[in-house]
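In what follows, a structure is listed as structure tokens, so that the remarks can point back to it.
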Amino acid sequence: MARQTVVLGAGMVGVSIAWHLRQRGHEVTLVDRLQPGRETSFGNAGIIQREAVRPYPFPRDVKTLLSVLPNRRVDIRYRPAGMVNAASPLLRYWMNSAPKAYQKLCRNTLRLFSFR
């Protein structure tokens with residue numbers, strides 16, 4: 001008897017997982033609120049970067065932080081009015097970017113992408 005599986009998200013990853021499960025004899029239902037490939041995969045141009053699995057750490061040096069303040073960079077942009085609502089997540093992001101926490105995060109993230 002085939003296993004019944006629901007895959008949430010019809011982007012590149014979801015469709016790939018569904019396809020591989022079907023190849024292994026599973027009954028698969030693929031669910032997405034939009035047409036396949038119209039959300040995250042669309043915004044990421046359909047790219048999965050295995051070589052870029054390390055998350056970007058929050059800038060911790062004063063020079064970089066000061067360079068962000070004018071809000072003119074293309075790699076870091078923010079809406080000043082939204083900073084109040086984002087304060088808690090930004091603080092957690094900053095804390096997880098501390099050297100020891102970041103190394104642990106990278107080790108755990110790399111485990112998700114170990115293809116064997």
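Evaluating A86 against the criteria (1) in a helix (DSSP H, G or I); (2) loosely packed, with under 10 Cβ neighbours inside 10 Å; (3) not aromatic (F, W, Y) leaves one unmet condition, (2). Scanning region 26-73 for residues that are among the hydrophobic types (A, V, I, L, M, F, W, C) and at pLDDT below 85 returns F42, A45, I47, I48, A52, V53.
Remark: pairs (first residue in region 2-23, modelled with pLDDT under 90 and surrounded by fewer than 15 Cβ atoms within 10 Å (Cβ to Cβ); second residue in a helix (DSSP H, G or I) and among the hydrophobic types (A, V, I, L, M, F, W, C); Cβ separation under 9 Å; 6+ apart in sequence or on different chains) = R3/L21. Of the residues making up region 70-83, those that are surrounded by 10 or more Cβ atoms within 10 Å (Cβ to Cβ) and aliphatic (A, V, I, L, M) are I76, M83.
Note on region 74-88: residues that are of a type in the set (D, E, K, R) and either under 16 Å from Y56 (Cα atoms) or not assigned by TED's automatic domain parsing to the domain that holds P57 (or both) amount to 2. Only a single criterion out of (1) farther than 30 Å from I17 by Cβ; (2) loosely packed, with under 10 Cβ neighbours inside 10 Å is not satisfied by A98, namely (2).
Scan region 1-39 for residues that are in a strand (DSSP E or B), out of contact with any helix residue (DSSP H, G or I) (no Cβ under 6 Å at 6 or more places or on another chain) and not hydroxyl-bearing (S, T, Y) and the total you get is 5. Of the listed requirements (1) in a helix (DSSP H, G or I); (2) modelled with pLDDT of 90 or more, C106 misses just one: (2).
Kindly establish whether N108 is under 30 Å from I17 (Cβ atoms), in contact (Cβ under 8 Å) with a residue 24 or more places away in the chain and outside the structural domain of V13 (by TED's automatic domain parsing).
On the way: under 30 Å from I17 (Cβ atoms): yes; in contact (Cβ under 8 Å) with a residue 24 or more places away in the chain: no; outside the structural domain of V13 (by TED's automatic domain parsing): yes.
So N108 fails the test.
Looking only at residues in region 74-83 that are part of a loop (DSSP other than H, G, I, E, B) and of a type outside the set (V, I, T), the one that is modelled with the lowest pLDDT is D75.
The values are calculated or read from the model by the stated rules, or taken from the named source; none is laboratory data. Since we're looking at a predicted model, the values are computed, not measured. Backbone-built Cβ (ideal geometry, glycine too); neighbour counts: all protein chains shown.
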